[in-house]
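The values are calculated or read from the model by the stated rules, or taken from the named source; none is laboratory data. The model shown is predicted, which means the values in this text are computed figures rather than measured ones. Neighbour counts are summed over all protein chains in view; Cβ atoms, including those assigned to glycine, are modelled from backbone coordinates with ideal geometry. Calculation scope for accessible area: heavy atoms of the full protein, side chains included, ligands and nucleic acids excluded. Shrake-Rupley method; radii C 1.70, N 1.55, O 1.52, S 1.80 Å.
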Amino acid sequence: QVQLVESGGGLVQPGGSLQLSCKASGFTFSTYTMRWYRQGPGKQREYVAQITGVSTNYADSVKGRFTISGDNTKNTVYLQMNSLKPEDTARYYCNAPARGAWGQGTQVTVSS
């Protein structure tokens, strides 16, 4: 059974950092493209970043601040988020598009 479970969200002050994790089960993520999306209050879900092997790509809004990476030994994808801004407040979702899988999301709130 394909499953994605996110964790690591929370409340952080502007300028702070968080690391999100996405644990995959039922498939080996390293052979697939993995993506992070987010959905802020009253907004549509938007693309954040993706990783395919060692190749990464980022939305312009997070480029230079967020880093996506993977640990094959743990079958886990990470999203390191630095220099967080209030506009980064959203529920963050992990996605494996080729497997049609989404996680349940983890809430990130950036506020003083």
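Could you check how many residues of the range 1-34 are more than 19 Å from V110 (Cβ to Cβ), outside any loop (DSSP other than H, G, I, E, B) and either open to solvent by 80 Å² or more (accessible area, probe 1.4 Å) or touching a residue at least 60 places away in the same chain (Cβ under 8 Å) (or both)? So that I can check it myself, show each step before the final result.
Taking the range 1-34 and keeping what is more than 19 Å from V110 (Cβ to Cβ), we get 1-5, 22-34.
From what is left, the residues that are outside any loop (DSSP other than H, G, I, E, B) are 3-5, 22-25, 29-31, 34.
Retained after the next criterion (residues that are either open to solvent by 80 Å² or more (accessible area, probe 1.4 Å) or touching a residue at least 60 places away in the same chain (Cβ under 8 Å) (or both)): 3-5, 22-24, 29, 31, 34.
The number of residues fulfilling the criteria is 9.
Do the conditions hold for V108, that is, is it of a type in the set (V, I, T), open to solvent by less than 40 Å² (accessible area, probe 1.4 Å), in a strand (DSSP E or B) and within 23 Å of Q1 (Cβ to Cβ)? It would help to see each step written out before you state the result.
On the way: of a type in the set (V, I, T): yes; open to solvent by less than 40 Å² (accessible area, probe 1.4 Å): yes; in a strand (DSSP E or B): yes; within 23 Å of Q1 (Cβ to Cβ): no.
Answer is no for this residue.
Just to be sure, is G64 in contact (Cβ under 8 Å) with a residue 24 or more places away in the chain, out of contact with any helix residue (DSSP H, G or I) (no Cβ under 9 Å at 6 or more places or on another chain) and small (G, A, S)? Let's see the steps before the verdict.
Values: in contact (Cβ under 8 Å) with a residue 24 or more places away in the chain: no; out of contact with any helix residue (DSSP H, G or I) (no Cβ under 9 Å at 6 or more places or on another chain): yes; small (G, A, S): yes.
Criteria not met by G64.
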I'd like the full set of residues that are among the hydroxyl-bearing types (S, T, Y), modelled with pLDDT under 95 and over 19 Å from Y58 (Cβ atoms), limited to the range 1-35.
S25, T28, S30, T31
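Looking at Y93, Y37 in this structure, which one is open to solvent by less than 60 Å² (accessible area, probe 1.4 Å), part of a strand (DSSP E or B) and touching a residue at least 60 places away in the same chain (Cβ under 8 Å)? Explain how you work it out, then say what you get.
On the way: Y37 fails: touching a residue at least 60 places away in the same chain (Cβ under 8 Å).
Exactly one of Y93, Y37 is open to solvent by less than 60 Å² (accessible area, probe 1.4 Å), part of a strand (DSSP E or B) and touching a residue at least 60 places away in the same chain (Cβ under 8 Å), namely Y93.
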Among (1) polar (S, T, N, Q); (2) within 20 Å of V12 (Cα to Cα); (3) modelled with pLDDT under 95 - the single one T89 does not satisfy
(3)
